[in-house]
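**Student:** Below is the structure I would like to discuss, written out as structure tokens.
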Amino acid sequence: MTLAIGAVHGFAARKLLTHAGVDPDGLRLDAYEQADRGVALALSGFDSERSELVEGAVAIASEILRRWRTPRPELVAGLVRCLESRHPHARGDAAMLLARLVRADSTQDVMQDVTPAVPALVVAAGDSYDRVAGPAALALARLGHPGALGPVHRWLASSSRLPFFQVTSLGEVLLPLVGRADELLPGIRRMLVDSADAEQLRPVLRALAEWGPAASPAVPELVSALATGNARWACDVLGAVGAAASPAADILDGFARRLARPPRFGGGALGPGGVRRWHGAQNAAWAHWRITGGPGVFLAFLEDASSRGLAAADLGRLAELGPRAAGCAGALRPLLESPGPWTRVQAAHAWWSITGDAEAAVPVLLAALEPLRAGRADEPCRAAVRYVARIGAPAAAAAPLLEAVLSSERCFPADVHPAARAALAAFGDRHRRQTVGSPSRPPASGGVGHGHDRQLAASPAAPYSRCTSR
């Protein structure tokens with residue numbers, strides 16, 4: 001699916017606009033007052049006999065729905081019709097867009113809009129074209145509908161031929177199905193054997209890591225995966241499983257201490273005894289800690305890494321150790337001024353977790369929140385919202401901006417709103433009013449959303465102006 005950004009539209013969208021006699025450079029879907037015009041144009045293309053016009057309609061609908069929170073049931077109805085189109089790319093794009101509408105922070109309005117699409121999604125999930133079936137199954141899985149299970153079982157039964165969805169992955173479909181783990185794990189375990197060394201297995205392993213202890217029946221296959229090119233991802237799953245993954249502990253200890261490496265691994269600097277250093281050694285050290293409960297191996301790895309600089313370390317996992325990682329604090333402190341925004345944010349969170357010093361950490365996190373004023377939220381920004389929620393009252397200077405985000409008509413990534421509400425609740429009683437229920441939604445017409453954008457842009461700047469580098 002090609003998304004439009006500002007007045008720059010993809011090929012299919014431009015085809016539709018030109019067909020409708022509209023100057024593509026004159027339609028700015030990032031401007032709220034032009035959204036209704038975009039809706040009308042999308043509706044004009046949904047039922048076209050020309051594939052590129054239907055795809056253009058879906059692209060325009062996607063741009064509107066991903067930018068603005070106003071309910072648009074007419075667009076959802078058009079997407080449902082697209083699921084029944086004879087054009088496979090349009091079917092796949094429509095299914096993917098419906099899946100994106102039912103993310104973690106979907107409002108009741110959105111859920112009501114998407115519910116009528118369920119019968120068409122069930123049919124689409126049985127499509128022989130994985131580019132259609134995959135997104136349809138993802139939408140159903142996120143809706144908690146059992147219609148997702150049939151196609152997942154079909155893909156798992158062909159465990160040596162992983163599906164190619166192009167716009168999503170089997171791992172994404174599995175992620176919300178943790179409640180069905182007992183039913184799905186036999187097929188997943190076969191896949192871990194049959195496709196053990198396939199790169200396409202990695203999204204499945206990432207989903208299992210999110211499942212955590214629910215993935216414990218797969219420990220034997222995950223231990224075997226430590227001898228493949230997917231060893232690093234297998235480490236993450238084993239660590240997330242925890243104590244039930246104890247059969248892996250000795251292998252992980254060897255990896256972490258650089259006394260051994262996965263047999264298929266090659267390259268890297270030489271470590272003790274002439275064994276080449278493995279790029280996943282940190283994953284193994286972290287997993288060893290999570291499995292055994294003893295942080296010694298992980299701490300030894302981090303302290304060795306800190307002697308060379310922690311820039312390449314997983315600072316998020318360092319933060320999990322908290323005060324136990326005090327020996328790394330000296331190497332961590334300079335990273336608060338790293339040129340990379342992701343490193344700065346992760347370092348600020350780790351610094352606070354280890355030292356309890358909010359005075360040095362909070363300015364970095366507040367600076368990382370600045371993209372919210374323009375209706376954006378990159379990865380460092382999203383992480384910063386989560387981290388100020390953990391810090392609580394010492395980060396309350398973020399409250400005006402987060403309140404403006406919750407009342408804005410602009411859409412943000414699905415994890416921003418729940419994290420913002422959690423932060424406001426953590427800041428104290430006077431901010432709790434923004435954390436109850438779904439945010440109010442303006443009507444589809446009028447300039448209310450535009451006003452909310454002005455409120456967002458005008459929210460007080462963070463008082464730590466010295467930390468504004470990106």
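The values are calculated or read from the model by the stated rules, or taken from the named source; none is laboratory data. Note that the structure is predicted; figures quoted are calculated from it, not measured. Reconstructed Cβ throughout: ideal geometry from the backbone, glycine too, with neighbour counts over all protein chains shown. Each accessible area value is taken on the protein alone, full model and side chains, heavy atoms only, with ligands, DNA and RNA left out. Shrake-Rupley method; radii C 1.70, N 1.55, O 1.52, S 1.80 Å.
**Student:** Inspect the range 456-466 for any residue being over 23 Å from the mean Cα position of the chain (by Cα), open to solvent by 50 Å² or more (accessible area, probe 1.4 Å) and at pLDDT 90 or above and give the result as yes or no.
**Tutor:** No, every residue in the range 456-466 fails to be over 23 Å from the mean Cα position of the chain (by Cα), open to solvent by 50 Å² or more (accessible area, probe 1.4 Å) and at pLDDT 90 or above.
**Student:** Filter the range 321-348 for residues that are part of a helix (DSSP H, G or I), within 23 Å of the chain's Cα centre (by Cα) and among the small types (Gly, Ala, Ser) and give the result.
**Tutor:** Within the range 321-348, 347, 348 meet the criteria.
**Student:** Moving to a separate point now. Being under 29 Å from residue 61 (Cβ atoms), in a helix (DSSP H, G or I) and among the aliphatic types (A, V, I, L, M) is the filter here, so list the residues in the range 403-428 that pass it.
**Tutor:** Result: 404, 405, 406, 416, 419, 420.
**Student:** Shifting gears a bit: Restricting attention to the range 129-162, and to residues there that are under 24 Å from residue 199 (Cβ atoms) and among the basic types (Lys, Arg), which single residue is surrounded by the fewest Cβ atoms within 10 Å (Cβ to Cβ)?
**Tutor:** 161
**Student:** Let me ask something else. Of all residues in the range 170-195, count the ones that are open to solvent by less than 20 Å² (accessible area, probe 1.4 Å) and in a helix (DSSP H, G or I).
**Tutor:** Residues meeting the conditions: 12.
**Student:** From the list 335, 310, 372, which residue is more than 30 Å from residue 67 (Cβ to Cβ) and either of a type in the set (Phe, Trp, Tyr) or open to solvent by less than 20 Å² (accessible area, probe 1.4 Å) (or both)?
**Tutor:** Residue meeting the stated conditions: 310.
**Student:** Same structure again: Could you give me the residue pairs with C-beta distances under 7 Å whose first residue belongs to the range 257-270 and is at positive phi, whose second residue is of a type in the set (Val, Ile, Thr) and at pLDDT below 85 wherever it lies, and which are 6+ apart or on separate chains?
**Tutor:** Here the result reads 258/275, each pair linking the range 257-270 to a residue that is of a type in the set (Val, Ile, Thr) and at pLDDT below 85.
**Student:** Can you confirm whether the range 62-74 contains a residue that is open to solvent by 60 Å² or more (accessible area, probe 1.4 Å), out of contact with any Phe, Trp or Tyr (no Cβ under 7 Å at 6 or more places or on another chain) and not acidic (Asp, Glu)?
**Tutor:** Yes, some residue in the range 62-74 is open to solvent by 60 Å² or more (accessible area, probe 1.4 Å), out of contact with any Phe, Trp or Tyr (no Cβ under 7 Å at 6 or more places or on another chain) and not acidic (Asp, Glu).
**Student:** Let me ask something else. Restricting to the range 349-365, name every residue that is assigned to a helix (DSSP H, G or I) and more than 21 Å from the chain's Cα centre (by Cα).
**Tutor:** Within the range 349-365, 351, 352, 353, 354, 355, 358, 359, 360, 361, 362, 363, 364 meet the criteria.
**Student:** Tell me, which helices (runs of 4 or more DSSP H) lie completely within the range 8-119 with 1 or more residues that are closer than 24 Å to residue 172 by Cβ?
**Tutor:** Answer list for the range 8-119: 11-19, 51-67, 73-83, 88-101, 108-114.
**Student:** Considering each residue of the range 31-51, count those that are touching a strand residue (DSSP E or B) at 6+ places or on another chain (Cβ under 7 Å) and free of Cβ contacts under 8 Å to residues at least 24 places away in the same chain, and give that number.
**Tutor:** 0
**Student:** A further question follows. Please enumerate the residues belonging to the range 382-418 that are open to solvent by less than 20 Å² (accessible area, probe 1.4 Å) and within 13 Å of the chain's Cα centre (by Cα).
**Tutor:** Residues satisfying the conditions are 383, 416.
**Student:** Here are some residues: 374, 414, 404, 393. Which one is under 28 Å from residue 325 (Cα atoms) and at pLDDT 55 or above?
**Tutor:** 393
**Student:** Select from the range 252-277 the residues that are at pLDDT 85 or above and out of contact with any His (no Cβ under 9 Å at 6 or more places or on another chain) and write down the one among them that is nearest to residue 203 (Cα to Cα).
**Tutor:** 262
**Student:** Go through the range 196-208 residue by residue and tally those that are at pLDDT 95 or above and either open to solvent by 70 Å² or more (accessible area, probe 1.4 Å) or assigned to a loop (DSSP other than H, G, I, E, B) (or both).
**Tutor:** 1
**Student:** In the range 217-247, how many residues are open to solvent by less than 40 Å² (accessible area, probe 1.4 Å), assigned to a helix (DSSP H, G or I), over 19 Å from residue 320 (Cβ atoms) and among the small types (Gly, Ala, Ser)?
**Tutor:** Of the residues in the range 217-247, 4 are open to solvent by less than 40 Å² (accessible area, probe 1.4 Å), assigned to a helix (DSSP H, G or I), over 19 Å from residue 320 (Cβ atoms) and among the small types (Gly, Ala, Ser).
**Student:** If the requirement is being open to solvent by 40 Å² or more (accessible area, probe 1.4 Å) and modelled with pLDDT of 90 or more, which of these qualifies: 280, 330?
**Tutor:** 330
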